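Bear in mind that the values in this text are calculations on the coordinates, not laboratory data. All figures in this text were calculated on a predicted structure; none of them were measured in a lab. Positions of Cβ are backbone-derived with ideal geometry, glycine not excepted, and every protein chain shown enters the neighbour counts.
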Amino acid sequence: MTDHPTHSPDPQAIAEQIRLFNASEFALLLGMEIVEASEGYSRVTMDCAGKLNPGAVAHGGAIFALADQAFGIAANCCGIHRVAVTVSIQYIAPAKGKLVAVARRVADNGNCDTYCVMVHEGERAVAEFTGVAFRV
């Protein structure tokens, strides 16, 4: 796992990226909030209220969107612009309450970085998301 920044992160630049991601129309629509982010890491929350499917559990698209938001800010909060090239998700358990997505960079080959995002409801794992981001 790579936890070393490739350059010195600017705390003001990180705060601005978090602000921009939190203020995006889609994040506001789904009620997602980035509560923590740093080089290769993020923690994002979302309540499932208003995002339930006919089975009365969180819609898979809402869970995916939360994981993708965590991936996006973890990959882009420190001044290096990255775009997703591939993502996948495995749903583990249904959810109804407050979700937390934690993203971590797990590999860096110089051109592409791989991130793992775990989504939890309390202590219970809900989904595991893997994303690969290309440095632009």
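Structure above, values below:
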read-out: Helical contribution to [θ] at 222 nm, DSSP H n ≥ 4, -39,500 (n - 2.57), averaged over the chain, rounded to 500; value: -8000 deg cm²/dmol
read-out: Cα centre as origin, Lys/Arg/Asp/Glu Cβ charges: the chain dipole, Debye; value: 240
read-out: Length-normalised contact order for the stretch 11-135 - Cα pairs under 8 Å, 6+ apart - percent; value: 25
read-out: Residue order, fewest to most beta carbons within 10 Å, for 20, 28; value: 28, 20
read-out: Amide H partners (placed H, <5 Å) of residue 98, local residues excluded; value: 48
read-out: Helix 60-76 vs. the chain, principal-axis angle (Cα, 0 to 90°, nearest 10); value: 10
read-out: Assigned charges on the beta-carbon of Lys, Arg, Asp, Glu; the stretch 84-136 dipole about Cα centre (debye); value: 120
read-out: Residue order, fewest to most surrounding Cβ atoms within 10 angstrom, among 10, 113; value: 10, 113
read-out: Most fluctuating residue given options 76, 53, 22, as computed from a GNM of the chain linking Cα atoms under 10 Å; value: 53
read-out: Rounded tilt (10° steps) of 11-23 against the dominant C-alpha axis of the chain; value: 30
